[in-house]
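What follows is one structure encoded as structure tokens, with my remarks underneath.
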Amino acid sequence: MRVTSWHYVGSILGSVSLAFAAGPLLDAENADFEEFEDLELSDSRLLTETQTEPEHEGVPTNTTAQDAEIEEDWEHDFEILKPIVTARGFNTSGARRLCELPAVYCDYGYRRRVTTYAQTLMDNDWIGRDYMLVMPLPEDPGVPAIMDASLFSLRRVGYFQVYVNSGPMPAGIENLSAAMVWIQGNKTHGLEGDVPDGFWSMRTRMLLLAMMGPQFTATLPQELPLCEHVDYRLYFYRLQGFSGDVSALKQCNKITDTVEVFYNPLLGGNVFDAMLGWDNLMNGSINLWGCNFTGLVPTGDVDPWLAWCSARKNTKLRFRVSQIVEGPLPDGFAECSDIFSRFYVANNQMTGNFPLRLQDNKHMIENGVCIWGNSFTGPIPDIPAQVTAIDFSGNRWSGDVPTSWFSAPGLSTVDLSDCEMSGTIPNIPPSVTSIDLSKNRLTGMIPESWFDANLEQIDLSDNNISGPPFSWGWVGGDTDGNKDPDTFLTYNKKSPEWPLKKISLSRNPLGISVGFLMGMLVQYQLEEIQAASCSLSGFLYIFDLYAQEEGDGGGLQTRSGADAFTKLKVLNVANNDLQNIGFNDLSGTKSLCWPSDDLEVQLPNLKTLDLSHCKELQKIHPKLFELDLDLRGTPLLGENVRVNASSCREILGQPVPTCDGATWSVCFYLVLSYSTISNDATQECGLLMAEGPAGTLEFDATAFRPDVLCREVNGYETSTRGSMVLQVPEAEAFVEDPLAKRGIELALAKQLETSGGAATVSVDVSLSIVGARRLSQRKLQAGSQVKVDFAIIVAGQVDQVAARESEIISTLAALDTAALSEDIKSNIQSLGGASYDLAVEELVVLSDEGDEASEDG
């Protein structure tokens, strides 16, 4: 869930404020705000409700003043507010007194939050004496909403909440006596320039300043007289141009509940230094992140954090700090081990041992500890029993998983990646469903203690695991023997019944055959297998795709109910020593090609197959060409790339010479539209296409060998230029659509398919809505017709080019415009573009010298 301004409203007005998660596992932008979801309201909804609900949002409007003096003050404030509220788009025609004004609340009920909040800041007897002002932005974003200086003359406002989108902060806010001051922009705009000196002397118990664009350039001063008055909460967030040193907030030592300072990129200083001054902040939130905070955590001969933490015993605090520390977290923090409900110090570059002892913490929420991206050393920290997800990645731990982890029955997600851990793979609690141990230096097999886990995702990539990764499945020294029914059961051990969906083993020196690996994984309903750069060898035997068990009459049979790889969508075995996939022997003998129905039965959902940089790869089953297939860096492509579409159509549906009983279902070919993908200036390289059951597809030419797709430039070229007019109702969208341009280029290239002996032909197209000087104007209508200018470049030997140019002019002059229109529409749709109702109406072909070849197509 994305954090919006009203999420923070909920944070402020609830009984406990929030600190947010961060990092790969616990993302700050998607923090847990479920407890405040009923409070999430946009500014526009607030405005609409205020304008249209006759009951004034259910708040009484007939509140009477406690005495004549207060009534006089209310009348004074009414005269100030009515024109300002009216200018913001509120309907004030029926308002005759203060409490009837939209955005003014003289009683309980405002959005179900005011009761607790008013009692906290405005005293219990505020009704009939003070009022609340909540003035949102105008519904029309073009209407300016400035901070009017006359607002600071209000006599009885206790709750001052005003949104702005432009203008400076006027002088005089120090004259306001509101218990709470809330000033907010719209993220991109708000107040402009600096604030007057008196701003920092305002008399309020709580200050919120938020959501301003870079136009707001205030600087936090070193002297803060307002700290004499702010005793409840302080908020500075999402202020793009706000600068200064956060250490000045050390003066705000009367605050009892919350300090939140985040997403202010120009604000610097040392927040740990500021915290040491907050003697009265016991319960609530310290939330300081997303700024430019730097510096060591202060310490000394007597650790100041020992006293700081001891003073907060029997309290509950949400703590999140982001600061580049490059030093240790002092041992005195150990005394805070029991008070934190959230403790986030992610990506702070902290060093040394992690001092907190969290196993007995009763306040910690389920995902309440986040310390990724530091350089903590020593043993892996303990956790409380209620924690369900931890991210301790990016540190330098040693040793095994603590026993406290096994006392956390709900622990499901563990990230210990990039921790420079060495030795054997650690044990994990049986409750874990997702484990990330990537980017370490672990060795050996997955321990059998994992057998009882309930794993859905495993990431062991970038370690030093050699040999079989499991101690179950197909094991043994002779991997080919695994395929012998007489020896299979000798090697096979029962696999754990994990609901495993994804496994990554990439960049480990496994050194086993690809069939051996797949046989070890065949038990699981995997959706993704990552095994790139694992020193895999050999070939994938069809037997490797079936889960086997002992047959009723001896031998082997397919295991009943085993899905094998029927849910597999992604298989990445790039940069290995595979020789073939789709044949039941190493050499790829055609008589041992897999039947096509075996592929359809055993791999029905496979969409992506990465075989790139498999330099020994010689053959793959023709059905695999239908997948999202990566063959970069393999020797496989030459025999499968045809000269043109016609030669492809001739073989489609015909028996494949390398595979008995199989037929070509897809065929690659080069089209006569060339672009450079080679760094060699003497080469131009073709566009790779494919014909298949789904029609014409375009492929990334860079995925194929340049020597297959590129031809020498012979030094002589000429161009044939032309224009045509398309009738397109959606002309403006058509001109801006890159797939429309590509569809026209392909249609013209298709018409010029015959080679004519020329080395290269390229087609270049540009689109516009204006008419051409040489074209008929009789049907040009603004916004409904598109002019297409095209250039066809022919390069090669002189005699070849001359003959080809003449052929091109003749071909274009004789084009059937109706057929060309259909071809363009079909190309755009096959490329994934929109469906356009278009028609080619006129065509002009010019030679390079500009002679007109045809006036009407």
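A single member of G410, G399, G378 is closer than 23 Å to Q323 by Cα and out of contact with any Cys (no Cβ under 6 Å at 6 or more places or on another chain), and it is G378. Within segment 563-582, the set of residues being at pLDDT 90 or above, among the polar types (S, T, N, Q) and open to solvent by 40 Å² or more (accessible area, probe 1.4 Å) comprises N575 only. Kindly provide the set of residues from segment 317-366 that are within 16 Å of V259 (Cβ to Cβ) and among the basic types (K, R), ordered by number. Answer for segment 317-366, where residues must be within 16 Å of V259 (Cβ to Cβ) and among the basic types (K, R): R318, R320, R342.
In segment 489-510, the residues that are on the phi < 0 side of the Ramachandran plot form Cβ pairs under 8 Å with partners that are at pLDDT below 95 and of a type in the set (D, E), at six or more places apart or across chains, as follows: L489/E550; P496/D452.
For residues in segment 135-146 being in contact (Cβ under 8 Å) with a residue 24 or more places away in the chain and surrounded by fewer than 21 Cβ atoms within 10 Å (Cβ to Cβ), which is farthest from the chain's Cα centre (by Cα)? Here the residue is V143. Residues considered: G352, G332. Of these, the only one that is surrounded by fewer than 19 Cβ atoms within 10 Å (Cβ to Cβ) and of a type in the set (G, A, S) is G352.
Listed here are the residues, each with its yes/no results for (1) closer than 25 Å to T217 by Cα; (2) at pLDDT 95 or above.
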{"position": "L234", "(1), (2)": "yes, yes"}
{"position": "D245", "(1), (2)": "yes, yes"}
{"position": "K254", "(1), (2)": "no, yes"}
{"position": "N270", "(1), (2)": "yes, yes"}
{"position": "D279", "(1), (2)": "no, no"}
{"position": "G284", "(1), (2)": "no, no"}
{"position": "G295", "(1), (2)": "yes, yes"}
{"position": "D301", "(1), (2)": "no, no"}
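Restrict the check to segment 111-126 and report whether at least one residue is over 36 Å from the mean Cα position of the chain (by Cα), open to solvent by 50 Å² or more (accessible area, probe 1.4 Å), modelled with pLDDT of 95 or more and within 25 Å of W74 (Cβ to Cβ). No, segment 111-126 contains no residue that is over 36 Å from the mean Cα position of the chain (by Cα), open to solvent by 50 Å² or more (accessible area, probe 1.4 Å), modelled with pLDDT of 95 or more and within 25 Å of W74 (Cβ to Cβ).
When the test is whether a residue is hydrophobic (A, V, I, L, M, F, W, C) and part of a strand (DSSP E or B), I286 passes it.
Quick check: is even one residue across segment 197-206 over 22 Å from V261 (Cα atoms), at pLDDT 95 or above and open to solvent by less than 20 Å² (accessible area, probe 1.4 Å)? Checked segment 197-206: no residue is over 22 Å from V261 (Cα atoms), at pLDDT 95 or above and open to solvent by less than 20 Å² (accessible area, probe 1.4 Å). Does R342 count as in contact (Cβ under 8 Å) with a residue 12 or more places away in the chain, open to solvent by 20 Å² or more (accessible area, probe 1.4 Å) and among the basic types (K, R)? Taking the combined requirement at face value, the residue does not satisfy it. Looking across segment 381-403, the residues that are among the β-branched types (V, I, T) and open to solvent by less than 10 Å² (accessible area, probe 1.4 Å) come down to I383, V387, I390. Restricting attention to segment 520-546, the residues that are more than 17 Å from I465 (Cα to Cα) and modelled with pLDDT of 90 or more total 3. The single condition among (1) at pLDDT 90 or above; (2) out of contact with any Lys or Arg (no Cβ under 8 Å at 6 or more places or on another chain); (3) within 19 Å of D610 (Cβ to Cβ); (4) of a type outside the set (F, W, Y) that L517 does not satisfy is (1). V770 falls short of the stated requirement of being modelled with pLDDT under 85 and either acidic (D, E) or surrounded by 15 or more Cβ atoms within 10 Å (Cβ to Cβ) (or both). In this entry, D273 is excluded by the filter for residues that are at negative phi and in contact with an Asp or Glu (Cβ under 9 Å, 6 or more places away or on another chain). Of all residues in segment 216-250, those satisfying the criterion of being assigned to a strand (DSSP E or B), closer than 20 Å to T188 by Cα and open to solvent by 10 Å² or more (accessible area, probe 1.4 Å) are T219, R238, S243. Exactly one residue out of S560, S587, S596 is within 25 Å of I503 (Cα to Cα), open to solvent by 20 Å² or more (accessible area, probe 1.4 Å), of a type outside the set (V, I, T) and at pLDDT below 85, and it is S560.
The values are calculated or read from the model by the stated rules, or taken from the named source; none is laboratory data. Predicted, not measured: the structure shown is a model, and the values here were computed from it. Backbone-built Cβ (ideal geometry, glycine too); neighbour counts: all protein chains shown. Surface areas here come from the heavy atoms of the whole protein model, side chains and all, with no ligands, DNA or RNA. Shrake-Rupley method; radii C 1.70, N 1.55, O 1.52, S 1.80 Å.
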